[in-house]
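Enquirer: Can you read through this structure? Questions will come right after.
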Amino acid sequence: MLYHLYEWQHSALAPARIAADIGHRLLRHPLNPVGYTPAGRAMAASLDLFEHTTRRYGKPQFGLETTEIDGTPVKVSESVVDRKAFGQLKHFSRETEREDPRVLVVAPLSGHYATLLRDTVRALLPDHDVYITDWRDARNVPVYEGQFDLDDYIDYVIEWLEFLGPNTHVVAVCQPSVPVLAAIAIMSADANPCTPPSMTLMGGPIDTRVNPTAVNRFAETHSLDWFERRVITRVPFPNPGFMRRVYPGFLQLAGFLSMNLDRHMDAHWEMYQHLVEGDEESLESKRAFYEEYRAVMDLTAEFYLQTLKVVFMEHHLPRGIMVSRDRPVEPSKITRTALFTVEGERDDISGVGQTRAAHDLCVALPSTMKAHYEQKGVGHYGIFNGGKWRKLIAPKVKAFIRAHDHKLGVNGQAFSLSSD
């Protein structure tokens, strides 16, 4: 019923959105004198903002067509190299003969599309052969494709690492830090030849008992049954995933916005002012962010509920009781995969110390194969997106990968974590 109400509301607002768009275009027409008056500019800005905030945003494109290597522009081609029911593996192929370290970027399955990591990929491209996990919106997966839970996520990571072959490094951003660490622990215990030489975990909930955030406290103060009754619903007709049980993207977006409601309201007021003033440059940066931010996807109910239970409620991984398909998850078995953890000082989703907890679990790794970095002055998204990511964090991630790349020789290059 909840999903049907959302669809009904979206359809009911369609005439208003069309009218707002037409009105905005008329007022912005260069031959319309009303558009040059203060009242006309204010009305046009209001109509524009209404249409923008009520629109439904589909899956964005990466749009990474070029990169720069040694000061020279290089063409980039995006392709899908492997498909599965609930996700696909994308490759950003560069027209260069350089054999840089191969990196698998594991995108979060927590509401947003993999394109949220566009800036992450962009920063890695000049120095790496980059692949990324591109998860599928559950509302578009027919029920005959079966289910997808946290164990399937771990299986996908292992299978894609095996598909890419030995000496593939892994970068996990936020939520996948747990399944990636679990996958590498299982691969290490099996002496899998495709076990990565390094893993970088960024802003992930390895142990949410450490410095818990509002998100963590909310999960711990509600039962799994409460979440199942309140936020799980079925995909309505005529979507391809009709009748699939999901945690809808629109509910996730509502949760994201409510966490920092004042900040989002201020940002939209600033957008309105930019529209009135005609400040296109300032407007476009905010508009681009919210177009990406509002593009959300449904998660399968089984994945969402299992993640809640295992990661946020019962803390299976840090307690040493995590099991995936009867396979014990033992980070102590990791001996050949170097570990780099990254946190943001102002992260209000994965608190400071939650990702660093991975070091306490990987007890068999020597100190020379471990490193941690905390970036001052950034929140959760600033860890993998924005100026400080590009200028301060990304160079350290790339240096760590190169220092542990087998083709270059393990520790063949100096790795420094000098604070900036």
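Enquirer: Only one of Asn211, Asn239, Asn192 is part of a loop (DSSP other than H, G, I, E, B), surrounded by 19 or more Cβ atoms within 10 Å (Cβ to Cβ) and of a type in the set (S, T, N, Q); which? Let's see the steps before the verdict.
Expert: Details: Asn211 fails: surrounded by 19 or more Cβ atoms within 10 Å (Cβ to Cβ); Asn192 fails: surrounded by 19 or more Cβ atoms within 10 Å (Cβ to Cβ).
One residue alone meets the criteria, Asn239.
Enquirer: Which pairs have Cβ atoms under 7 Å, sit 6 or more apart or on different chains, and link a residue in the range 212-236 that is closer than 17 Å to Leu299 by Cα to one that is basic (Lys, Arg)?
Expert: Between residues of the range 212-236 that are closer than 17 Å to Leu299 by Cα and residues that are basic (Lys, Arg), the close pairs are Leu224/Lys309; Ile232/Arg245; Arg234/Arg244; Arg234/Arg245; Val235/Arg139; Val235/Arg244.
Enquirer: Determine whether the range 300-310 contains at least one residue that is surrounded by fewer than 23 Cβ atoms within 10 Å (Cβ to Cβ), at positive phi, in the same structural domain as Gln147 (by TED's automatic domain parsing) and at pLDDT 95 or above.
Expert: No, because not a single residue in the range 300-310 is surrounded by fewer than 23 Cβ atoms within 10 Å (Cβ to Cβ), at positive phi, in the same structural domain as Gln147 (by TED's automatic domain parsing) and at pLDDT 95 or above.
Enquirer: Does the range 318-335 contain at least one residue that is in contact (Cβ under 8 Å) with a residue 40 or more places away in the chain, touching a Cys at 6+ places or on another chain (Cβ under 8 Å) and part of a loop (DSSP other than H, G, I, E, B)?
Expert: Yes.
Enquirer: Next question, about the same structure. Six or more apart or on different chains, Cβ under 6 Å: which pairs go from a residue in the range 244-273 that's farther than 17 Å from Arg294 by Cα to one that's surrounded by fewer than 16 Cβ atoms within 10 Å (Cβ to Cβ)? Could you list them?
Expert: Arg244/Val143
Enquirer: Of everything in the range 64-81 that's among the small types (Gly, Ala, Ser) and at pLDDT 95 or above, which residue is farthest from Asp100 (Cα to Cα)? Spell out how you get there, then give the answer.
Expert: Our first condition is that a residue be among the small types (Gly, Ala, Ser); within the range 64-81, this holds for 71, 77, 79.
Right, trim to at pLDDT 95 or above and you get 77, 79.
Working: Ser77: 16, Ser79: 18 Å.
Result: Ser79.
Enquirer: Six or more apart or on different chains, Cβ atoms under 6 Å: show the pairs whose first residue is in the range 75-100 and free of Cβ contacts under 8 Å to residues at least 40 places away in the same chain and whose second is in a loop (DSSP other than H, G, I, E, B) and surrounded by fewer than 16 Cβ atoms within 10 Å (Cβ to Cβ).
Expert: Between residues of the range 75-100 that are free of Cβ contacts under 8 Å to residues at least 40 places away in the same chain and residues that are in a loop (DSSP other than H, G, I, E, B) and surrounded by fewer than 16 Cβ atoms within 10 Å (Cβ to Cβ), the close pairs are Lys75/Glu95.
Enquirer: Return the only residue of His316, His372 being within 23 Å of the chain's Cα centre (by Cα), under 23 Å from Lys398 (Cα atoms) and not aromatic (Phe, Trp, Tyr). It would help to see each step written out before you state the result.
Expert: On the way: His316 fails: under 23 Å from Lys398 (Cα atoms).
Of His316, His372, the one residue that is within 23 Å of the chain's Cα centre (by Cα), under 23 Å from Lys398 (Cα atoms) and not aromatic (Phe, Trp, Tyr) is His372.
The values are calculated or read from the model by the stated rules, or taken from the named source; none is laboratory data. Because the structure is predicted, anything quoted here is derived from the model rather than measured. Neighbour counts run over all protein chains shown; Cβ positions are idealised from the backbone, glycine included.
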